[in-house]
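A.B. asks: Here's a structure for you.
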Amino acid sequence: MAGYAPRPSRPAEPSAHAAPAHVQRLLDALAGFPAYAIAPDWTICGWNAAYTTLYPNVAAAEPGERNLLWLVFTDPYVRDLLPDWETTSRRFLAEFRAEAGPRLGDLARSPVVQRLLRVSEPFCDACQSHHIEGFTSRERVFRHPVAGMVRLEHHRLAPADHPDLHLVVYTPVAG
């Protein structure tokens with residue numbers, strides 16, 4: 001096309017189970033700030049030690065179970081960690097739908113969605129709303145079993161060389 005530069009070729013997709021090495025190094029460099037990386041299907045493919053402190057089950061979960069949507073709707077630890085779980089879980093589903101974009105019609109065939117429809121009544125109920133909402137940075141509150149109530153701000157970034165991979169970083173809320 002005249003006037004438009006050709007689109008750069010897309011890098012290879014990261015493994016569903018491991019973030020690219022340079023992304024993992026970035027997560028590790030964010031020591032003290034809980035951070036994780038998610039693939040387009042919301043598989044958690046990398047995290048740092050601070051995130052493990054906030055959510056210890058991420059390291060223990062089987063790689064095939066390490067999907068953010070799956071964990072939000074099936075892990076009792078997450079339900080206890082989020083004092084506003086009902087609202088937050090529905091918001092996660094709305095964000096998942098928003099990120100599906102042109103694949104929205106394919107979500108019914110998504111393996112994680114199919115599994116959740118079989119095992120999670122709250123997920124089935126949340127699916128009835130068909131709500132779609134894009135991600136926004138915002139304050140999050142966690143009820144941590146050791147640290148108590150923790151307030152963090154939630155941000156999401158995408159590496160230029162892996163635009164479909166998202167890094168989620170939590171920073172302290174001044175206050």
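Only the coordinates and a few stated rules stand behind these numbers; no lab work does. The shown structure was predicted, so the numbers you read here are calculated from the model rather than taken from an experiment. Cβ atoms come from the backbone with ideal geometry, glycine included; neighbour counts cover every protein chain shown.
A.B. asks: So which DSSP H runs in the chain come out at 15 Å plus along the axis (Cα) with average Kyte-Doolittle of at least -1.0?
C.D. replies: Helices passing the filter in the chain: 85-100.
A.B. asks: Just name one of P76, T136, V58: the one whose Cα is farthest towards the positive end of the charge dipole of the chain (beta-carbon charges, Lys/Arg +1, Asp/Glu -1).
C.D. replies: Selected residue: T136.
A.B. asks: Using a Gaussian network for the chain with springs between C-alpha atoms less than 10 Å apart, which of these wobbles most: F135, F73, F96?
C.D. replies: F135
A.B. asks: Where does each of 47-54, 75-82 land if you order them by average Cβ count within 10 Å, highest first?
C.D. replies: With the highest mean Cβ count within 10 Å placed first, the list reads 47-54, 75-82.
A.B. asks: Give me the one-decimal nm value for the distance between modelled label points at A31 and Y77, 7 Å along each residue's Cα-to-Cβ direction.
C.D. replies: Once both label points are built, they end up 2.3 nm from each other.
A.B. asks: Still on this structure, please answer the following. What ranking do 143-150, 154-161, 30-37, 65-72 get when scored by the average of other Cβ atoms within 10 Å per residue, highest first?
C.D. replies: 65-72, 30-37, 154-161, 143-150
A.B. asks: Once the piece of chain linking V119 and T52 is laid out straight, how much longer is it, given 0.36 nm per residue of separation minus the C-alpha distance between them? Show your work: numbers first, answer last.
C.D. replies: Numbers: separation 67, 0.36 × 67 = 24.12 nm, distance 2.55 nm.
That pair, V119 and T52, stretches by 21.6 nm at full extension.
A.B. asks: Here is a further query. With each label point set 7 Å from Cα along the Cα-Cβ vector, what nm distance links E153 and H130?
C.D. replies: 3.6 nm
A.B. asks: Could I ask something else about it? If I model the chain as equal point scatterers sitting on the Cα atoms and use the Debye formula, what is log10 I(q)/I(0) at q = 0.14, 0.16, 0.18, 0.19 Å⁻¹?
C.D. replies: -0.78, -1.02, -1.29, -1.44
A.B. asks: Based solely on its DSSP helices, what 222 nm [θ] is calculated for the chain when runs of n ≥ 4 H residues each add -39,500 (n - 2.57) and the sum is averaged over all residues, nearest 500 deg cm²/dmol?
C.D. replies: Mean residue ellipticity, 222 nm, calculated: -10000 deg cm²/dmol.
A.B. asks: Anyone know which of R25, R151, R118 comes out most mobile in the 10 Å Cα GNM of the chain?
C.D. replies: Fluctuation is largest for R118.
A.B. asks: Let me ask something else about it. Springs between alpha-carbon atoms under 10 Å, Gaussian network over the chain: tell me which of Q24, Q128, Q114 tops the mean-square fluctuations.
C.D. replies: Sorting by GNM fluctuation, first place goes to Q128.
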